[in-house]
Amino acid sequence: MPRILLVEDETSIAENLIYALETEHFEVAHATTAGTAISLLDDTFQLAILDVGLPDMSGFDLCSEIRKSSTLPVLFLTARDSEVDRILGLELGGDDYVTKPFSPREV
């Protein structure tokens with residue numbers, strides 16, 4: 001079963017995404033902070049979904065940390081919808097950028 005690391009601090013968003021992803025037969029590991037995500041990260045994940053606005057580190061910084069040792073695909077999921085933020089996320093190594101609000105099917 002493909003594994004996804006979801007890093008999202010908003011409980012309602014995380015619960016909806018976990019439900020949608022598990023319905024599609026993905027295994028989801030959920031972290032609410034970048035620190036927890038870093039401790040969970042290993043080579044068994046096929047995708048990381050990162051919120052940009054995390055309480056301990058930005059999702060952009062977390063992506064940079066992931067990129068130091070991994071080519072794991074990264075999807076940013078964030079309320080930051082400016083062109084500058086989208087470009088920054090992609091330049092830092094993100095593979096896609098989805099803005100909130102979103103449809104779980106879009107993810």
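Below are the figures for this structure:
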{"quantity": "First in the range 24-39 and over 16 Å from ARG3 (Cα atoms), second anywhere and among the charged types (D, E, K, R), Cβ under 6 Å, 6 or more apart", "calculated": "THR32/ASP9; THR33/ASP56; ALA34/ASP56; GLY35/ASP56"}
{"quantity": "Count of residues meeting criterion [assigned to a loop (DSSP other than H, G, I, E, B), without any contact (Cβ under 8 Å) to a residue 40 or more places away in the chain and open to solvent by 40 Å² or more (accessible area, probe 1.4 Å)] in the range 84-107", "calculated": "6"}
{"quantity": "Any hit, the range 62-74, residues being touching a Cys at 6+ places or on another chain (Cβ under 8 Å) and either among the β-branched types (Val, Ile, Thr) or open to solvent by 50 Å² or more (accessible area, probe 1.4 Å) (or both)", "calculated": "yes"}
{"quantity": "Within the range 45-83, tally of residues that are in a loop (DSSP other than H, G, I, E, B), within 19 Å of PRO2 (Cβ to Cβ) and not small (Gly, Ala, Ser)", "calculated": "5"}
{"quantity": "Number of positions in the range 42-83 that are in contact with a Phe, Trp or Tyr (Cβ under 9 Å, 6 or more places away or on another chain), closer than 20 Å to ILE13 by Cα and touching a residue at least 40 places away in the same chain (Cβ under 8 Å)", "calculated": "6"}
{"quantity": "Residue in the range 1-17 that is farthest from THR99 (Cα to Cα), counting only those that are open to solvent by 30 Å² or more (accessible area, probe 1.4 Å) and among the charged types (D, E, K, R)", "calculated": "ARG3"}
{"quantity": "Leading residue by the ranking (modelled with the highest pLDDT) among those in the range 18-41 that are part of a loop (DSSP other than H, G, I, E, B) and crowded, with 18+ Cβ neighbours inside 10 Å", "calculated": "THR32"}
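The values are calculated or read from the model by the stated rules, or taken from the named source; none is laboratory data. This one's a predicted model, so the numbers in the text were calculated from it and none came from an experiment. No Cβ is skipped: glycine too gets one built from the backbone with ideal geometry, and neighbour counts run over all protein chains shown. Just the protein is used for accessible areas: all its heavy atoms, side chains included, with ligands, DNA and RNA removed. Shrake-Rupley method; radii C 1.70, N 1.55, O 1.52, S 1.80 Å.
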